[in-house]
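As structure tokens, the structure follows; a few thoughts come after it.
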Amino acid sequence: MDGMAEFRHFRAFVEIAARGSFTAGADALRLTQSTISEQIAALEKELGTRLFERGRHGAHLTDSGRRLLEPAQQLLRMAADIERQAPMGEEGGPVLRVGATLGPLFVRLPEVVHRLQEEEVGLTVLLRDIPTAEALLQIGLGELDLGILSVLDRSFHSPLGTGIESVVLAEEDWVILSPTDHELAGRQAVSLDRIRNEPLILFPRPYALRMVIDEAFARAGISVEPTIETGWLATAVRCVELGLGISLVPRAVTMAQEAGVAVLEIDEPVIPRRVLIALYRSDSVRADLIERFLALLQRHPPFGS
């Protein structure tokens with residue numbers, strides 16, 4: 001290798017490896033597919049080996065690509081850490097990058113950010129609402145300091161490898177929402193089988209929350225196809241209010257907002273649950289700020305009372 005490979009080439013390589021296709025990698029980096037292909041071609045030429053096998057189902061790492069992946073990820077993490085050492089916030093203060101997938105449920109988060117910024121003069125908290133998979137990728141590459149993620153259960157194991165810490169923040173069960181004039185509204189609890197033929201309003205399938213519900217239906221031996229899919233909780237609740245269907249949501253939805261809907265318990269041997277975790281690198285240069293952020297979260301529970 002004669003030094004021609006550039007940092008952007010390694011970034012393109014890691015993005016494609018993580019996302020499984022040149023198209024997805026190009027979209028993430030806001031590049032054209034031809035540009036990212038040229039970058040990989042340049043890297044392969046410099047290294048003298050093929051890194052990907054491309055096919056109808058995406059791009060897969062070759063043996064050489066698999067050997068390169070961890071060193072390339074380490075390179076990106078080192079670059080991110082160097083960037084974090086430089087003051088970037090107000091008055092040259094530190095920056096804490098947080099990715100959350102909780103949407104409007106995490107009603108205490110702004111208060112926690114405000115209190116931390118009061119304690120740490122000049123601190124800037126960059127807060128991003130991003131999907132769980134994207135947060136995991138950015139934590140692994142050092143582009144996020146802290147992820148606040150929704151996962152299926154307490155047995156979650158990070159796909160990011162060693163050096164990743166996780167802290168359980170909260171755990172909750174789910175409930176069924178029905179219109180107040182629906183025949184089910186007067187019941188205390190309803191089985192999943194009873195609503196299988198109802199118009200259903202669910203989270204979109206890429207959401208981790210949808211995985212919880214799909215697993216619950218599968219456990220009950222039921223296959224469903226929702227009438228409406230939305231990640232906007234206020235939209236889902238409003239659709240129920242207007243009689244457009246029945247929804248399954250984490251219980252916190254009923255605590256976070258006023259809604260003219262009936263709240264029913266789920267009558268199943270195993271009730272679906274959602275776990276909220278904090279995920280971060282144990283060697284983060286922002287370890288002190290992360291610990292203080294999490295301490296504030298524990299004093300101010302994730303869901304409003």
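Side notes on the structure shown:
- Solvent-accessible area of S166 with every protein chain in place, 1.4 Å probe, in Å² to the nearest 10: 70 Å²
- Protection proxy ranking of 168-176, 262-270 - average other beta-carbon atoms within 10 Å, highest first: 168-176, 262-270
- Note on Q298 and A133: with the Förster distance fixed at 35 Å, the Cβ-Cβ geometry gives a FRET efficiency of about 0.85.
- Taking the C-alpha atoms of segment 161-212, convex hull volume expressed per residue in Å³: 134 Å³
- Cα-based shape type of segment 176-239, given that a ≥ b ≥ c are square roots of the gyration tensor eigenvalues and the cut on a/c is 1.5: oblate
- Shape class for segment 1-78: rounded, because the ratio a/c of the largest to smallest gyration tensor axis (alpha-carbon atoms, square roots of eigenvalues) is under 1.5.
- In this label model, Q33 and S64 are separated by 2.3 nm, measuring between points 7 Å along each Cα→Cβ vector.
- With a cut-off of 9 Å between beta carbons, the residues surrounding G163 carry a summed charge of -1, where Lys and Arg count +1 and Asp and Glu -1.
- Each peptide in 287-293, 44-50, 234-240 gets a packing score, the mean of other Cβ atoms within 10 Å over its residues, and the list from highest to lowest is 234-240, 287-293, 44-50.
- I164 long-range amide H proximity, modeled H, under 5 Å: S282
- FRET efficiency for the I271 to K45 pair, using the beta carbon distance and R₀ = 51 Å, is estimated at 0.40.
- Solvent-accessible area per residue in segment 167-305 equals 47 Å², computed with a 1.4 angstrom probe and all protein chains kept.
- Rounded to whole Hz, the Karplus (6.51, -1.76, 1.60) HN-Hα couplings of segment 112-120, x for glycine and proline: 5, 4, 4, 5, 5, 5, 5, 6, 10
- Within the accessible area of segment 1-52 (1.4 Å probe), percent carbon and sulfur: 49 percent
The values are calculated or read from the model by the stated rules, or taken from the named source; none is laboratory data. Keep in mind that what you see is a predicted model, and the values were worked out from it rather than measured. Here Cβ is always computed from backbone atoms with ideal geometry, including for glycine, and neighbour counts include all displayed protein chains. Ligands, DNA and RNA are excluded from the accessible area calculation, which covers all protein heavy atoms including side chains. Shrake-Rupley method; radii C 1.70, N 1.55, O 1.52, S 1.80 Å.
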